[in-house]
Amino acid sequence: RANNLGLQLVKDKISNQEKYLKKLQQLNTDHKKQKLAEIAELNESITSANGDQIVDNAALLTEVHSKIETIVSRINEVEKFEHQFKVKQKELIKEIKFYESNDICPTCDQGIEESLKSAKTAHARTKNEELENGKTQATFTIGQLNTKLDGIKQTKAEIVDTINARNMRNVQIQEWQRRVNLLNADLAKFEEETGSIDVAKTQLDDLLTEKN
């Protein structure tokens, strides 16, 4: 009777251990499913992020920089002409006022013929009108170039934003990949633990069979 009681206690202990192992094995199985689902979701996110159309934004940025330099150089060139036109106009206006205000040359004290005065002032006015037209055209051209420059600068800002966004996305992709690697390492550990549980369960089954 004592032997039977002792045998029953051993059987109960083995049965309890077997239930515990089954529960532990189920927990590991559920945990594995959860990890695999998370890995699948992360891989999908990585694939989606990498699937975006990749443009060589660095090359585009270099091209835009070149265009900006060209336009700025052109603006500076036209502004120089505009300044020269203004300087020359001042000289012509000064010349016109001189002939309109003087009948006698203040340098040599000789009279200035009316025909000469008329010819000089007429020529100066013609040149001044030509310079005024040139200055107007220069001002218009500068305005057009500045408008174009603003557009290209906007394009540059958009490219920089795209590059920054891509860099941030790459950081996120690296973080996702790091998480996937950690999950895979956990899964490998789970496989070892599950194997150990299977071995223990087999041993308990054998022991239970022996006791029977």
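At the residue level, Thr62 shows approximately 90 square angstrom of accessible surface with a 1.4 angstrom probe and all protein chains present.
Seen from a random direction on average, the alpha-carbon convex hull of the stretch 45-131 projects onto 9.6 square nanometres. With θ taken as phi - 60° and the Karplus curve 6.51 cos²θ - 1.76 cosθ + 1.60 applied, the whole-hertz 3J(HN,Hα) list for the stretch 156-161 is 4, 4, 5, 5, 4, 4 Hz, x standing for glycine and proline. Using 0.36 nm per residue and subtracting the Cα-Cα separation, the extra length available between Ser45 and Ala165 on full extension is 41.6 nm. Overall, the accessible surface of the stretch 102-180 at a probe of 1.4 angstrom is composed of carbon and sulfur to the extent of 52 percent. In this simple spin-label model, placing a label point 7 Å from the Cα along the Cα-to-Cβ direction at both Asn181 and Leu60 gives a separation of 3.1 nm. Reported to the nearest whole Å, the Cα centre-to-centre distance from the stretch 129-152 to the stretch 76-127 is 26. Summing +1 for each Lys or Arg and -1 for each Asp or Glu among the other residues whose beta-carbon sits under 14 angstrom from that of Asn128 gives +3. When the surface is traced with a 1.4 Å probe over the full set of protein chains, Asp103 keeps roughly 100 Å² accessible. Think of the stretch 123-190 as a dipole: +1 on every Lys or Arg Cβ, -1 on every Asp or Glu Cβ, centred on the Cα centre; then among His123, Thr155, Ile142, Thr155 lies furthest on the positive end.
The values are calculated or read from the model by the stated rules, or taken from the named source; none is laboratory data. Note that this is a predicted model, so its numbers are computed, not measured. A quick note on method: Cβ atoms are made from the backbone with ideal geometry, for glycine too, and the neighbour counts reach across all protein chains shown. Keep in mind that these areas ignore ligands, DNA and RNA; they rest on the heavy atoms of the full protein, side chains included. Shrake-Rupley method; radii C 1.70, N 1.55, O 1.52, S 1.80 Å.
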